[in-house]
2 protein chains.
Amino acid sequence: MGGDYGPPVTVAGALAALDAHPEIHVTFVGDPDQISTEIKNHRAETDRIAVVPSDGKISDDEHPVAALRRRPRSSIAVTTHLLKSGAADMAVSVGSTGATMAASVFALGLMEGLERPCIGGNFLGLAPDTTVIDLGSNVDCRPPQMVSFAALGVAFSRHYLGIQSPRVALLSVGEEAAKGNRQVQDTFTLLEKSHLNFVGNVEGMDFFTDKADVIVCDGFIGNILIKFAEGLGSVFRPFLQRQLASTFPEGAVTRITDAIWQSTNLPRTMGGPLFGINGLVMIGHGSSGPEGISGAIETGLLCHRIGLVNGFRQELSRLDMAIMLESGE
Amino acid sequence: MGGDYGPPVTVAGALAALDAHPEIHVTFVGDPDQISTEIKNHRAETDRIAVVPSDGKISDDEHPVAALRRRPRSSIAVTTHLLKSGAADMAVSVGSTGATMAASVFALGLMEGLERPCIGGNFLGLAPDTTVIDLGSNVDCRPPQMVSFAALGVAFSRHYLGIQSPRVALLSVGEEAAKGNRQVQDTFTLLEKSHLNFVGNVEGMDFFTDKADVIVCDGFIGNILIKFAEGLGSVFRPFLQRQLASTFPEGAVTRITDAIWQSTNLPRTMGGPLFGINGLVMIGHGSSGPEGISGAIETGLLCHRIGLVNGFRQELSRLDMAIMLESGE
């Protein structure tokens, strides 16, 4: 029921994924009438579709936990319970990220050693092998949390991107250990003591310099960066179009500007898993079109096939919790 | 003496500015032999050049305050004292930003109500009327500091960019007042109480959406963003070149990719003033070529002509210090 466009887009995207993958089944959770209408519009009659009714949805501007308490039968709550019960192997949401996270924690639980789930991934088309974490779910992170993020990022980098011994770096304003705010300086010390392949601080330009495979930052900064990159990509497109249009044929211009936009807007079409949840929950962009929905399902199928959730759990379990606790506040 | 290339570049850039502006005089501070050699290489014989000797320079990896104590005759210390004495109307440095800030505070003093100077400006070619502050001089900012930054940014926007009543926004992860980390939430409250034209929170994409004229952020984030944009611009260039080269003639490709790079790398060619110092001190990019030096001088000439330093002082004096202090730590 979520996302900027609701069932017309979520159903269309999921049906496209169903067509492309004969091995999968899709369960739609939400208002049965709306969903059935959309399914009929697509003339998609197959026994690989199920519809489970829910009651209401949670919007972006509600407090996620309070809203879940008020509407325990909302679409995201029902969806995560289907995962918990084993009726589904993965959940996909383009609704409120906060509500998806809260519902996932309630239904499926957090992995040991975590305080909250987070979101990470390779968000830049121009740096497709660089994992950034946290991309916006956690603000005001304590240093031990940031070390947990690093471990989760390493698991993603190793299992999803195939990098055997990912280099972990901390995002700061200079390479030296003393550079950065207090949060970063304290996290630096913890990362040095950890089992991770920590290569030190990197700076804003190093998303593009291949100095690290996993870049760790506070979710406040991660959220701003991912939106900044999206915004930049979006204005680059008309800017480039104007630059190019005077000289070159229109078809060529569009092909190139689309590539540019894609290079800064990966998450809009591929989605990403919630990190640190005992289950596979995919988050798609709220403004996803049908290809954003099917893209998030595709990404989820890959995560499922490679056992990413187990990978997260293994890497987290290698962290020395004694060091993490010792650091305190 | 500073910057990545030292006198060969700083002298060449300053001499270019001298040529372009018959009304200015340039005083070089540093090693007289090196400087004289460069001046002779350019056959620049004019009575509008002076050389003042200094002893040593401060590098990026030194602690600025400690280094200034050890080398009180370093080039940046002598330069800021020339400004203090009235022998110069503006100083330009491409050396260590920290050392330039510290030397400026020692020699010229901070404006009332500030704890540290900061750096701001319109750093994105794609958003040339948007002032962002702080761009990296202050990490771990307290909320009253961020309000001072806002006032300084407003002065820059009004006097330098000609925007009469600049809209001030706070960089966060959502528009609602409750969104963001504690620092941002507390700053939100203070900005609401201030005399500034505060329009609320903006997000990472809003550098490009014209929702605000002045965007306020912690220097930690500002530094990461400016370097991120630079890095992105730098990889966009070869990326675009590859995209375009197969189809289009080389000259056209270079012209367009240069425009793209320029659009994300303004500060490299224009420099910017230190905000909140009782004197006009220009900071250029450490990797400036000659055009970066002359660009910083050009920017400084404009700042001087419009009385930017007085503009900063006036806007700061309008802040209600009672509200600022009350918030305390």
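The values are calculated or read from the model by the stated rules, or taken from the named source; none is laboratory data. Note that the structure is predicted; figures quoted are calculated from it, not measured. Here the Cβ is made from the backbone with ideal geometry for all residues, glycine too, and neighbour counts use every protein chain on show. Protein only, heavy atoms only, side chains kept; ligands, DNA and RNA dropped before computing areas. Shrake-Rupley method; radii C 1.70, N 1.55, O 1.52, S 1.80 Å.
Of the residues contained in region B:61-73, none is found to be crowded, with 24+ Cβ neighbours inside 10 Å and not aromatic (Phe, Trp, Tyr).
Of the residues in region B:165-179, at least one is part of a loop (DSSP other than H, G, I, E, B), touching a residue at least 40 places away in the same chain (Cβ under 8 Å) and touching an Asp or Glu at 6+ places or on another chain (Cβ under 6 Å). Per the listing B:150, B:127, B:91, the residue uniquely within 22 Å of residue B:64 (Cβ to Cβ) and either touching a helix residue (DSSP H, G or I) at 6+ places or on another chain (Cβ under 9 Å) or open to solvent by 30 Å² or more (accessible area, probe 1.4 Å) (or both) is B:91.
Considered as a group, the residues in region B:203-227 that are open to solvent by 10 Å² or more (accessible area, probe 1.4 Å) and in a loop (DSSP other than H, G, I, E, B) include one that is farthest from the other protein chains (Cβ to nearest Cβ), and that residue is B:213.
Strands (runs of 3 or more DSSP E) fully within region A:14-99 that include at least 1 residues being within 15 Å of residue A:281 (Cα to Cα) and in contact (Cβ under 8 Å) with a residue 60 or more places away in the chain: A:26-30, A:90-93.
Could we say that residue B:232 is part of a helix (DSSP H, G or I), crowded, with 24+ Cβ neighbours inside 10 Å and facing another protein chain (nearest Cβ under 7 Å) here? It is true that residue B:232 is part of a helix (DSSP H, G or I), crowded, with 24+ Cβ neighbours inside 10 Å and facing another protein chain (nearest Cβ under 7 Å). For residues in region A:300-314 being out of contact with any His (no Cβ under 6 Å at 6 or more places or on another chain) and open to solvent by less than 10 Å² (accessible area, probe 1.4 Å), which is farthest from residue A:13 (Cα to Cα)? The extreme case among them is A:312.
Residue check: residue B:190 meets all listed conditions (1) under 27 Å from the mean Cα position of the chain (by Cα); (2) within 7 Å of chain A (Cβ to nearest Cβ) but one, namely (2). Note on region A:167-187: among residues that are facing another protein chain (nearest Cβ under 10 Å) and over 23 Å from residue A:140 (Cβ atoms), the one that is nearest to the chain's Cα centre (by Cα) is A:175. Comparison of B:243, B:183 shows that the only residue that is part of a helix (DSSP H, G or I), at pLDDT below 90 and open to solvent by 10 Å² or more (accessible area, probe 1.4 Å) is B:243. Residue A:125 fulfils the conditions (1) assigned by TED's automatic domain parsing to the domain that holds residue A:287; (2) over 28 Å from residue A:186 (Cβ atoms) except for a single criterion, (1).
Meeting the requirement of 2 or more residues that are modelled with pLDDT of 95 or more and out of contact with any Lys or Arg (no Cβ under 6 Å at 6 or more places or on another chain), the helices (runs of 4 or more DSSP H) wholly within region B:254-327 are B:290-305, B:308-317.
Just checking, how many residues over region B:246-259 are more than 7 Å from every other protein chain (Cβ to nearest Cβ) and surrounded by fewer than 17 Cβ atoms within 10 Å (Cβ to Cβ)?
7
Restricting attention to region B:130-147 and to residues that are more than 14 Å from chain A (Cβ to nearest Cβ) and crowded, with 24+ Cβ neighbours inside 10 Å, the residue that is nearest to residue A:231 (Cα to Cα) turns out to be B:131.
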